[in-house]
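Here is the structure we will look at.
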């Protein structure tokens with residue numbers, strides 16, 4: 001078990017190592033759609049790459065979710081099997097729509113799994129980005 005400070009230091013080392021191993025500019029928040037972003041996540045159990053639709057206005061959030069969801073089979077070609085939730089509640093209680101892929105049995109606190117996480121991140125985020133660039137005009141047309 002790690003102290004809070006040790007855990008923070010390992011997280012910092014993890015993200016620094018990822019950036020050095022794969023120095024690339026990702027889309028992340030630069031989707032040109034307010035409150036639609038791609039995210040990396042890792043904790044003590046899993047790694048995750050997601051597309052989060054965080055608009056407060058439920059009508060717009062659902063419209064973007066439905067647009068992306070209408071491309072389900074195409075998205076699967078880019079990233080493989082994925083999870084989706086139109087009404088996903090974050091830990092802070094915020095309601096979003098989310099599409100994500102995850103890898104289990106890896107940990108940000110186990111340096112032996114970092115390379116596996118990094119490769120997962122790159123493969124899946126690259127797939128999400130290629131999908132987004134290919135269908136960006138369709139997705140944005142709300």
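Values in this text are rule-based calculations from the coordinates and carry no lab data. Keep in mind that what you see is a predicted model, and the values were worked out from it rather than measured. In this analysis, Cβ positions are derived from the backbone assuming ideal geometry, glycine residues included, and neighbour counts consider all displayed protein chains.
Some points to look at:
- Part-to-part distance (alpha-carbon centres) for region 97-124 and region 17-90, which is given in Å: 15 Å
- The chain, helix-only ellipticity at 222 nm - DSSP H runs n ≥ 4, -39,500 (n - 2.57), divided by all residues, nearest 500: -15000 deg cm²/dmol
- Peptide packing for 8-15, 95-102 was compared via the average number of neighbouring C-beta atoms within 10 Å per residue; ordered from the highest value, the list is 95-102, 8-15.
- P(r) tail, region 4-140: Cα-Cα pairs separated by more than 22 Å, 40% of all pairs.
- Fluctuation leader among 19, 93, 80 - the chain, Gaussian network, Cα springs under 10 angstrom: 93
- Relative contact order (%) - criterion: Cα under 8 Å, at least six apart; region: region 4-140: 27 percent
- Radius, Kirkwood style, for region 1-41 when every pair of distinct Cα atoms is counted (Å): 12.2 Å
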